[in-house]
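Asker: Sharing a structure below in structure tokens format, with a few things to ask.
The values are calculated or read from the model by the stated rules, or taken from the named source; none is laboratory data. What you see is a predicted model; the values in this text were computed from it and never measured. Please note: Cβ atoms are built from the backbone with ideal geometry, for glycine as well, and neighbour counts cover all protein chains shown. Side chains are part of the model used for accessible areas, which takes the heavy atoms of the whole protein and leaves out ligands, DNA and RNA. Shrake-Rupley method; radii C 1.70, N 1.55, O 1.52, S 1.80 Å.
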Amino acid sequence: MYNFSFQNPVKLIMGKGTIATLSNEIPKDKSIMITFGGGSVKKNGVYDQVIKALQGYNTVEFWGIEPNPSIETLRKAIALGKEKKVDFLLAVGGGSVIDGTKLISAGLLYDGDAWDMVLTGKPAAGTVPLATVLTLPATGSEMNNGAVISSYEKKEKHAFFANYPVFSILDPEVTFTLPDHQIACGLADTFVHVMEQYMTTPGQSRLMDRWAESILQTLIEIAPKIRENKTDYQLMADFMLSATMALNGFIAMGVSQDWGTHMIGHELTALHGLSHGHTLAIVYPATLRVLKEDKAGKILQYAERVWQISTGSNEERINKAIAKTEEFFRSLGLTTRLNEEQIGEATINEIEKRFAERNVAYGENGKVTAAVARQILESCL
């Protein structure tokens, strides 16, 4: 196990009716900007609950943060926040709204263009406090300090680090009206978040391994049941908490991490607009196929502990585990091949070019170079 320093300051408030507790958590003298996505919160009752809970507060609303939040939209939110002298932010939505609000939180205290902060890759120097009301489990953004911001003009997508939310409210009932595709992408996103921290080097931490495996097993168990009944409170509560636990730093303590699949997936989103979780379902099985020799020890452990594959040669067990992983994503209703999304050689060339220009090498051992990214993409054609 590596040395590490760990702190997660987010207060998690979970359960039925917890949106009503907003007024207990935000000081009455705050000037609040409430950020939203496209308007689904007005259809499912979340908007009304939030507004009722914040009666008597000085609030301003900002609407229109997209899936894969764009700098072009977030610049407008930052300008409005500065004009209204906002000193508290409340993100009401899924990971994209929360990610975008994290950039707003830093941009309100920054004199230059917020995109410059994204490009530096360095944590924001100062931020306005933010909190979240989560409506779509997937990214874990409600309990971490990371975000991913896009430029639609440049067709680029980059990671950004701000500050942790002060608190996050998770009411599983708000997920009951989510479209099936969004749920599928959220389940895939959660699964691959865990795998990026788990599928590296064996023997680093028994505890982190088993913690990660428990989340994977939970997702495999609940996914088909959610497809049958997405209004089951207990199922959606498990989904919601699994997504949060997958990327709040808990299973990453003292172990190496990969994230190569995510970097490739971000490029697919930037170039084609695919949902983030969907890109991971396409790329991750291919990552395992290309890197199965490097990851053989951990894939064998994963095969036995998660998929109960314990017979056959090492190669047979590895191949079965990879096949099971792809089958899981397909069982969610997601495609797992680029050609199914009409993506081909031109995109592979562009992603290889971008990786080469940045001279990057992702993965726990720095193996995912431009050339290896190409192999991975070719493997998921």
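Asker: Accessible area per residue of region 11-73 at 1.4 Å probe, in Å²?
Answerer: 48 Å²
Asker: Each label point is 7 Å from the Cα along the Cα-to-Cβ direction; what then is the distance between the points at residue 155 and residue 304, in nm?
Answerer: About 4.7 nm separates the two model spin labels.
Asker: Roughly to the nearest percent, how much of the accessible area of region 262-381 is carbon and sulfur, given a 1.4 Å probe?
Answerer: Result for region 262-381: 46 percent of the exposed heavy-atom area is carbon or sulfur.
Asker: Roll a 1.4 Å probe over the protein chains and send me the accessible area per residue for region 221-261 in Å².
Answerer: 39 Å²
Asker: Determine the gain in length on full extension of the stretch residue 3-residue 349; use 0.36 nm per residue of separation and subtract their C-alpha separation, reporting nm with one decimal.
Answerer: 120.7 nm
Asker: From the Cα gyration tensor of region 225-348, with a ≥ b ≥ c the square roots of its eigenvalues, which class applies: rounded if a/c is under 1.5, or else prolate if a/b is larger than b/c, or else oblate?
Answerer: rounded
Asker: Mind giving me the nanometre distance, one decimal, between the label points for residue 316 and residue 379, set 7 Å out from Cα along Cα→Cβ?
Answerer: Here the modelled spin labels are 2.2 nm apart.
Asker: Given (1) 34, 24, 19; (2) 30, 27, 20; (3) 46, 26, 16 as candidate values of semi-axes √(5λ) of the Cα gyration tensor in Å, which corresponds to the one derived from the coordinates?
Answerer: (1)
Asker: Then there is this: Using the per-residue mean of other Cβ atoms lying within 10 Å as a proxy for protection, in what order, highest first, do the peptides 314-321, 168-175, 224-231 fall?
Answerer: Top to bottom by mean Cβ count within 10 Å: 168-175, 314-321, 224-231.
Asker: Based on the mean of other Cβ atoms within 10 Å per residue, sort peptides 237-245, 196-204, 29-37 so the most packed one is first.
Answerer: Peptide ranking by packing, descending: 237-245, 29-37, 196-204.
Asker: So which of 122/367; 16/43; 225/295; 52/82; 155/292 end up more than 27 Å apart by C-alpha?
Answerer: 225/295; 155/292
Asker: Moving on to the next point. Computing the accessible area with a 1.4 Å probe over protein heavy atoms, can you report the carbon and sulfur percentage for region 36-146?
Answerer: 51 percent
Asker: Length gain on complete extension for the stretch residue 210 to residue 120, per 0.36 nm per residue less the alpha carbon to alpha carbon distance?
Answerer: 28.9 nm
Asker: Under a 10 Å cutoff between Cα atoms, tell me which one of 311, 139, 18 has the largest fluctuation in the Gaussian network model of the chain.
Answerer: In the Gaussian network model the winner is 311.
Asker: With a Förster radius of 45 Å, plug the Cβ-Cβ distance of residue 16 and residue 87 into 1/(1 + (r/R0)^6) and report the FRET value to the nearest 0.05.
Answerer: Computed FRET efficiency for residue 16 and residue 87 comes out at 0.90.
Asker: Where a Cα-Cα gap under 12 Å defines reach, which aspartates and glutamates qualify for residue 84, not counting those fewer than 8 residues away within the same chain?
Answerer: 61
Asker: While we're looking at this one, here's another question. If you average the alpha carbon positions of region 141-198 and of region 13-78, how far apart do those two centres end up, in angstrom?
Answerer: 17 Å
Asker: Pick out, in residue order, every one of the trypsin sites (Lys or Arg not before Pro) in region 138-214 that is DSSP loop and has at most 13 other C-beta atoms within 10 Å; say none if there are none.
Answerer: Answer in residue order: 154.
Asker: Also, quick follow-up: Given points 7 Å out from each Cα along the Cα-Cβ axis, report the residue 29 to residue 358 separation in nanometres with one decimal.
Answerer: 4.3 nm
Asker: Can you give the extra length, in nm with one decimal, that the chain gains between residue 257 and residue 79 once fully stretched, where that is 0.36 nm per residue apart less the Cα-Cα distance?
Answerer: Stretched fully, the residue 257-residue 79 segment lengthens by 60.4 nm.
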